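The values are calculated or read from the model by the stated rules, or taken from the named source; none is laboratory data. This is a predicted model, so every value here is computed, not measured. FYI the Cβ positions are ideal-geometry reconstructions off the backbone, even for glycines, and counts take in every protein chain you see.
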Amino acid sequence: MTLQVELVSPERILYSGEADMVIARTAGGDIAFLTGHAPFVGSLGIGKVVVRQSDGTSVTAAVHGGFVEVKDNRVTILSDVAELASQIDVSRAREALARVVDDEDARRRAEVRLDVAGEISAAH
């Protein structure tokens, strides 16, 4: 049995499908959801969401706030702002990180975008 997962932003559905596991950053820290997880509702922090599919591949997204709900093997992620790794403009994220002075949330958003896009060394 798998999880039914939906990752939704105000603009569109970024992912809808089955998965073996979902990892998300909540306000309290990272959490993983597997089949049979107890009902759960939590607020999302700035972080990445990883959807591990049954075939061993993963879908990764940068998520900047929102909510996650788990019930009856269904994971619904409603995000204020979310981008799949393939949609991230790396040069724009680098520029945003370089411009940040005293805004920790803006710094974290840029670092998460770079991490999700595979530019991990640029985020440190």
Quiz prompt | Tally, over the stretch 95-123, of residues that are modelled with pLDDT of 90 or more and either touching a helix residue (DSSP H, G or I) at 6+ places or on another chain (Cβ under 6 Å) or in the same structural domain as Gly45 (by TED's automatic domain parsing) (or both) | solution = 9
Quiz item: What tally of residues in the stretch 53-82 results from selecting those that are at positive phi, of a type in the set (S, T, N, Q) and surrounded by fewer than 14 Cβ atoms within 10 Å (Cβ to Cβ)?
Solution: 0
Quiz item: Do you know which residues across the stretch 5-14 are at pLDDT 95 or above and surrounded by fewer than 19 Cβ atoms within 10 Å (Cβ to Cβ)?
Solution: Glu6, Val8, Ile13
Quiz item: From the residues in the stretch 58-82 that are of a type outside the set (A, V, I, L, M) and touching a helix residue (DSSP H, G or I) at 6+ places or on another chain (Cβ under 8 Å), which one is modelled with the lowest pLDDT?
Solution: His64
Quiz prompt | Residue list for the stretch 31-41, restricted to those being surrounded by 12 or more Cβ atoms within 10 Å (Cβ to Cβ) and either of a type in the set (A, V, I, L, M) or modelled with pLDDT under 95 (or both) | solution = Ile31, Leu34
Self-check item: Selection within the stretch 68-124 - basic (Lys, Arg) and closer than 30 Å to His37 by Cβ
Solution: Lys71, Arg74, Arg108, Arg109, Arg113
Quiz item: Hey, among Thr60, Thr76, which residue is part of a strand (DSSP E or B), touching a residue at least 60 places away in the same chain (Cβ under 8 Å) and of a type in the set (Ser, Thr, Tyr)?
Solution: Thr76
